[in-house]
Amino acid sequence: MPHQTTSQPSMTATALVVGATGGFGRAVALRLLQQGWQVRALTRHADMAQRVGADADEALRGLEAVQWHEGDAMNPQDVLAAAQGVQFIVHAANPPGYVRWRELALPMLAHSVEAARRTGARLLLPGNVYNFGPDAGALVNEQSPQYPVTRKGAVRVEMEEMLRRAAADPRQPVRSMVLRAGDFFDAHSPSSWFGTLLIKPGQPLRKVVYPGVASVGHAWAYLPDLAEAAARLMALDLAEPDRLNQFEVLHFGGHWLPQGIEMAHAIQRAAGDPGLPIKSLPWPVVTLLSPFVPLFKEIREMRYLWRVPLRLDNAKLVALIGPEPHTPLDKAVHACLQDMGCLRAGLRPAQA
């Protein structure tokens with residue numbers, strides 16, 4: 001039988017979230033607050049505590065109880081100061097727009113690793129499938145070989161290797177875990193494929209743009225579900241620290257759609273419009289403009305993920321926390337579109 005665990009910590013625990021206003025960081029911060037954790041967050045905005053209130057931007061709603069620490073993830077002393085006394089550091093900081101990854105992503109993670117080393121906290125890093133190339137196979141587990149074919153994939157491998165080396169350091173090993181998942185989707189994940197290409201946030205739905213081959217499977221991770229899985233792992237580590245290795249890698253299965261086009265159909269159902277046009281992404285145009293449009297360059301680099309099936313095997317995760325948190329696809333898509341301002345007021349999901 002899989003080990004069943006609740007996501008409630010057995011004691012008042014504190015987590016530092018680096019990147020709490022991003023997609024994953026926000027979702028985890030919200031979930032931890034709901035479950036009784038104390039949550040700190042690093043911010044470059046000295047007035048962040050005043051920003052989070054009745055008139056807060058939608059992305060900050062629910063984060064009123066966060067303890068905001070002024071600082072920059074690029075400054076190791078700022079990260080260390082914010083991490084004093086915490087049990088977990090959730091490193092969810094990403095360079096905006098997927099640019100300057102090597103220049104920014106690696107040093108930011110290194111600063112969180114050093115803070116974890118000096119405070120004894122465990123570090124949690126959200127991972128993805130960029131580590132794996134098109135040769136990885138249709139079902140990928142934690143030990144599958146990693147041969148990335150993109151710059152971002154190579155950086156992801158380096159980030160995980162940094163954690164692996166830190167865990168093996170005989171002087172003062174750093175405990176860490178990586179939770180890999182498919183493409184994020186959520187109303188507050190602005191750089192996701194869902195919110196960048198499939199639909200246009202803040203506008204009524206007039207079409208869905210699907211970038212993949214309709215018959216090729218694709219993996220998605222609904223951020224509230226992923227955040228709940230992360231919270232359960234964190235609670236498990238507090239309650240039974242010997243259950244997890246010094247360096248642990250786990251896969252979140254999420255929403256695996258054997259026919260990738262099913263995500264576009266779910267958007268049609270959420271809109272209550274089965275005739276909503278589904279358009280293909282004009283890849284030749286993306287290729288032509290990629291030297292001049294940074295976003296198109298990044299999109300083009302990841303095209304292979306829409307041409308080959310790459311499903312994450314979550315057996316190891318399930319053995320630790322029990323069945324994955326799983327919001328039905330139509331409900332999750334409807335919530336995203338509603339929060340993004342893409343649905344008419346009062347619209348309810350159509351019956352599949």
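Among the residues of the stretch 73-100, how many are β-branched (Val, Ile, Thr), closer than 21 Å to ARG156 by Cβ and assigned to a loop (DSSP other than H, G, I, E, B)? Don't jump to the end; show me each part of the working.
From the stretch 73-100, those β-branched (Val, Ile, Thr) are 79, 86, 89-90, 99; that's our starting set.
Okay, now just the ones that are also closer than 21 Å to ARG156 by Cβ, so 79, 89-90, 99.
Cutting the leftovers down to assigned to a loop (DSSP other than H, G, I, E, B) gives us 99.
Residues flagged as β-branched (Val, Ile, Thr), closer than 21 Å to ARG156 by Cβ and assigned to a loop (DSSP other than H, G, I, E, B) within the stretch 73-100 amount to 1.
Can you name the residue in the stretch 297-337 that is among the acidic types (Asp, Glu) and out of contact with any strand residue (DSSP E or B) (no Cβ under 7 Å at 6 or more places or on another chain) and is also nearest to HIS251 (Cα to Cα) among such residues? Break it down into steps so the answer makes sense when it comes.
Taking the stretch 297-337 first, the residues among the acidic types (Asp, Glu) are 298, 301, 313, 324, 330.
Cutting the leftovers down to out of contact with any strand residue (DSSP E or B) (no Cβ under 7 Å at 6 or more places or on another chain) gives us 298, 301, 324, 330.
Numbers: GLU298: 24, GLU301: 23, GLU324: 11, ASP330: 23 Å.
Per the criteria, the residue is GLU324.
Out of curiosity, is GLY217 crowded, with 17+ Cβ neighbours inside 10 Å and either under 18 Å from PHE132 (Cβ atoms) or out of contact with any Cys (no Cβ under 9 Å at 6 or more places or on another chain) (or both)?
Values: crowded, with 17+ Cβ neighbours inside 10 Å: yes; either under 18 Å from PHE132 (Cβ atoms) or out of contact with any Cys (no Cβ under 9 Å at 6 or more places or on another chain) (or both): yes.
In short, yes.
Give the residues of the stretch 206-219 that are in contact with a Leu (Cβ under 8 Å, 6 or more places away or on another chain), over 19 Å from PRO282 (Cβ atoms) and part of a loop (DSSP other than H, G, I, E, B), sorted by residue number.
Within the stretch 206-219, just GLY217 meets the criteria.
Considering only the stretch 45-58, I want to know if a residue exists there that is crowded, with 17+ Cβ neighbours inside 10 Å, modelled with pLDDT under 95, touching a strand residue (DSSP E or B) at 6+ places or on another chain (Cβ under 8 Å) and part of a loop (DSSP other than H, G, I, E, B).
Within the stretch 45-58 (the criterion being crowded, with 17+ Cβ neighbours inside 10 Å, modelled with pLDDT under 95, touching a strand residue (DSSP E or B) at 6+ places or on another chain (Cβ under 8 Å) and part of a loop (DSSP other than H, G, I, E, B)), the answer is yes, since at least one residue qualifies.
Kindly list, by first and then second residue, each pair from a residue in the stretch 1-28 that is within 20 Å of SER176 (Cβ to Cβ) and outside any helix (DSSP H, G or I) to a residue that is modelled with pLDDT of 90 or more and hydroxyl-bearing (Ser, Thr, Tyr), limited to pairs with Cβ atoms under 7 Å and residues at least 6 apart or on different chains.
VAL18/SER112
Go through (1) under 20 Å from VAL333 (Cβ atoms); (2) in contact with a strand residue (DSSP E or B) (Cβ under 7 Å, 6 or more places away or on another chain); (3) of a type outside the set (Phe, Trp, Tyr); (4) not in a loop (DSSP other than H, G, I, E, B) one by one and return the number of the condition GLY260 breaks.
Only one criterion in (1) under 20 Å from VAL333 (Cβ atoms); (2) in contact with a strand residue (DSSP E or B) (Cβ under 7 Å, 6 or more places away or on another chain); (3) of a type outside the set (Phe, Trp, Tyr); (4) not in a loop (DSSP other than H, G, I, E, B) is unmet by GLY260, namely (4).
Does the stretch 210-224 include one or more residues that are of a type outside the set (A, V, I, L, M, F, W, C) and within 19 Å of ARG31 (Cα to Cα)? Walk me through it before giving the result.
Of all residues in the stretch 210-224, those of a type outside the set (A, V, I, L, M, F, W, C) come to 210-212, 215, 217-218, 222, 224.
With within 19 Å of ARG31 (Cα to Cα) added as a condition, the list becomes 222, 224.
Yes; the residues of the stretch 210-224 include at least one that is of a type outside the set (A, V, I, L, M, F, W, C) and within 19 Å of ARG31 (Cα to Cα).
Being on the phi > 0 side of the Ramachandran plot and either surrounded by fewer than 17 Cβ atoms within 10 Å (Cβ to Cβ) or free of Cβ contacts under 8 Å to residues at least 40 places away in the same chain (or both): is that true of GLY254 here?
Numbers: on the phi > 0 side of the Ramachandran plot: yes; either surrounded by fewer than 17 Cβ atoms within 10 Å (Cβ to Cβ) or free of Cβ contacts under 8 Å to residues at least 40 places away in the same chain (or both): no.
Here the answer is no, as GLY254 does not meet what is asked.
Please give the strands (runs of 3 or more DSSP E) falling wholly within the stretch 101-193 in which 1 or more residues are among the basic types (Lys, Arg) and surrounded by 14 or more Cβ atoms within 10 Å (Cβ to Cβ).
Values: elements: 122-127, 176-180, 183-185.
In the stretch 101-193, the matching strands (runs of 3 or more DSSP E) lie at 122-127, 176-180.
Given GLY275, GLY346, GLY253, which one is in a loop (DSSP other than H, G, I, E, B), more than 21 Å from GLY217 (Cα to Cα) and modelled with pLDDT of 95 or more? Step through it out loud before you land on a result.
Values: GLY346 fails: modelled with pLDDT of 95 or more; GLY253 fails: more than 21 Å from GLY217 (Cα to Cα).
Going through GLY275, GLY346, GLY253 in turn, the sole match is GLY275.
What's the number of the condition LYS152 fails, among (1) over 17 Å from ASN94 (Cα atoms); (2) at pLDDT below 95?
Single failed check for LYS152: (1).
Within the stretch 325-344, track down each residue that is in contact with a Gly (Cβ under 7 Å, 6 or more places away or on another chain) and buried (at least 18 other Cβ atoms within 10 Å of the Cβ). Don't jump to the end; show me each part of the working.
Our first condition is that a residue be in contact with a Gly (Cβ under 7 Å, 6 or more places away or on another chain); within the stretch 325-344, this holds for 340-341.
Answer for the stretch 325-344, where residues must be in contact with a Gly (Cβ under 7 Å, 6 or more places away or on another chain) and buried (at least 18 other Cβ atoms within 10 Å of the Cβ): just MET340.
Being of a type in the set (Gly, Ala, Ser), closer than 19 Å to GLY182 by Cα and surrounded by fewer than 21 Cβ atoms within 10 Å (Cβ to Cβ) is the filter here, so list the residues in the stretch 76-100 that pass it. Step through it out loud before you land on a result.
Step one: filter the stretch 76-100 for residues of a type in the set (Gly, Ala, Ser), giving 81-83, 85, 92-93, 97.
Pick out the ones that are also closer than 19 Å to GLY182 by Cα and you get 92-93, 97.
Answer for the stretch 76-100, where residues must be of a type in the set (Gly, Ala, Ser), closer than 19 Å to GLY182 by Cα and surrounded by fewer than 21 Cβ atoms within 10 Å (Cβ to Cβ): just GLY97.
Taking the options PRO224, PRO201, name whichever one is touching a residue at least 12 places away in the same chain (Cβ under 8 Å), out of contact with any strand residue (DSSP E or B) (no Cβ under 9 Å at 6 or more places or on another chain) and part of a loop (DSSP other than H, G, I, E, B).
Values: PRO224 fails: part of a loop (DSSP other than H, G, I, E, B).
Going through PRO224, PRO201 in turn, the sole match is PRO201.
Only residues that are free of Cβ contacts under 8 Å to residues at least 40 places away in the same chain and β-branched (Val, Ile, Thr): list them for the stretch 162-195, please.
None - no residue of the stretch 162-195 is free of Cβ contacts under 8 Å to residues at least 40 places away in the same chain and β-branched (Val, Ile, Thr), so the list stays empty.
Mind checking which residues of the stretch 273-291 are surrounded by 13 or more Cβ atoms within 10 Å (Cβ to Cβ), touching a strand residue (DSSP E or B) at 6+ places or on another chain (Cβ under 7 Å) and over 12 Å from ARG206 (Cα atoms)?
Within the stretch 273-291, just LEU281 meets the criteria.
I'd like to check something: does the stretch 301-323 contain any residue that is farther than 15 Å from ILE199 by Cβ and without any contact (Cβ under 8 Å) to a residue 40 or more places away in the chain? Walk me through how you get there before you give the answer.
Step one: list which residues in the stretch 301-323 are farther than 15 Å from ILE199 by Cβ, which gives 301-323.
From what is left, the residues that are without any contact (Cβ under 8 Å) to a residue 40 or more places away in the chain are none.
Scanning the stretch 301-323, I find no residue that is farther than 15 Å from ILE199 by Cβ and without any contact (Cβ under 8 Å) to a residue 40 or more places away in the chain, so the answer is no.
The values are calculated or read from the model by the stated rules, or taken from the named source; none is laboratory data. Computed from a prediction, not measured in an experiment: that's the story for all the values here. Quick reminder, even Gly has a Cβ in these numbers, built from the backbone with ideal geometry, and neighbours come from all protein chains shown.
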